[in-house]
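Quick note: the coordinates plus some simple rules give every number you see, no bench work behind them. None of the values given here were measured: they were computed from a predicted structure. Backbone-built Cβ (ideal geometry, glycine too); neighbour counts: all protein chains shown.
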Amino acid sequence: MSLTLSVLDQSIACAGRGEDHALRDTLDLSAHCEALGYHRFWVSEHHGLPTIVGSAPEILLAAIAARTQRIRLGSAGVMLPHYSAYKVAEQFRVLDALAPGRVDLGVGRAPGTDMRTAQLLNPQARHAAEDFPQQVHDLIQWTRSQRHQGALAHPLAPPDAQAGFERAPEVWVLGSSDYGAQLAAHFGLPYAFAYFFMDGQGVEQALGLYRQLYKPSDRHGRPQATICIWALAADSDEEAMHHARSRERWRIDRERGVLGPLQHPDGIAFTPDEQARLQGTRRRAFVGRAADVAERIRALAQELGLDEIVINTWAHDPAVRRRSYALLAREFGIG
């Protein structure tokens, strides 16, 4: 089975380096992944976190657009309840003008932060998520030009809205539950499941509902689904497991409510209890020698009936991440 590979980068802060380094590393990685042959390069949105510092995907994507020529670029995603759907549509129509025909506008309902920070972004945050379906509907209207069957004929459209652009960003719904799957199916939109959030729990049911309930749209006549996994490939199992310790330490600490930058793997130790808790995660992880990781990815894609997988990789050393993406590109022959 031919499998398309894409990338999600979250601009991870690493101990010993400033947050600005994480953002610049995202820019460098986008060009690296384009050269390797990856299909998409997505960035995430989080706020008020000491680990994931990508808080403005629309700005980061503009910088990526200036550095790349071919790779699709997009948000995974814009947390829509924080914003006006019309403003988001304006931003991404500008991005689409800067990178014609290669912009994905992925949107999610989750806050991507704690509720205190969410209320700073939107004072109505506690109720904003209730309007998410209407926001997605409006976003589709705002992003499409008049060539898409008069889609901008919205009752609150400003006088110049009908002018439109020649193209439109591709809207995706992102999620890690049945809710997003059903919403994407209702609107006839592509759907991406955040497999890495909970080690894939619920993925079969979400994809099943999406395909079962899908209503073809003018732009997407059939379901288009992908999942985002966390993977780290290296030249040996030992090397991969060593570098994966940074994210494992982060996950254990997160469960205790302790968040911080990604730690260097050399200084990480786990208690016997923590080691036991990690065993299940390690059995499900896509971590190891490149050929073995690629085999597990292929098996999962076949099991779920997918022709595209999005890969997210954390490592304290940027060179380790680049090497991982390069090894997987070689295993799948995408270059």
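Quick rundown of the values:
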quantity: Amide proton proximity set for Gly106, modelled H, under 5 Å, gap of 5+; calculated: Ser75, Val78, Trp172
quantity: Rounded to 5, percent antiparallel among DSSP beta bridges of the chain; calculated: 5
quantity: Assigned charges on the beta-carbon of Lys, Arg, Asp, Glu; the chain dipole about Cα centre (debye); calculated: 320
quantity: Long-range HN-HN contacts of Val287 with modeled amide H, under 5 Å; calculated: Leu232
quantity: Full-extension gain in nm, Glu295 to Asp20, via 0.36 nm per residue minus C-alpha separation; calculated: 95.5 nm
quantity: Cβ-Cβ FRET estimate between His264 and Asp218, R0 fixed at 51 Å, reported to 0.05; calculated: 0.50
quantity: Approximate shape of segment 1-140 as ellipsoid semi-axes (Cα gyration tensor, √5λ), whole Å, largest first; calculated: 25, 20, 13
quantity: Entry for Rg/Rh (Cα atoms, Kirkwood Rh) (calculated from the structure that is shown) out of (i) 0.94; (ii) 1.10; (iii) 0.96; calculated: (iii)
quantity: Under Karplus coefficients 6.51, -1.76 and 1.60, residue-wise ³J(HN,Hα) of segment 29-36 in Hz, glycine/proline x; calculated: 5, 4, 5, 4, 6, 5, 5, 7
quantity: Net charge of Cβ neighbours under 13 Å - reference Lys87; Lys, Arg +1; Asp, Glu -1; calculated: -2
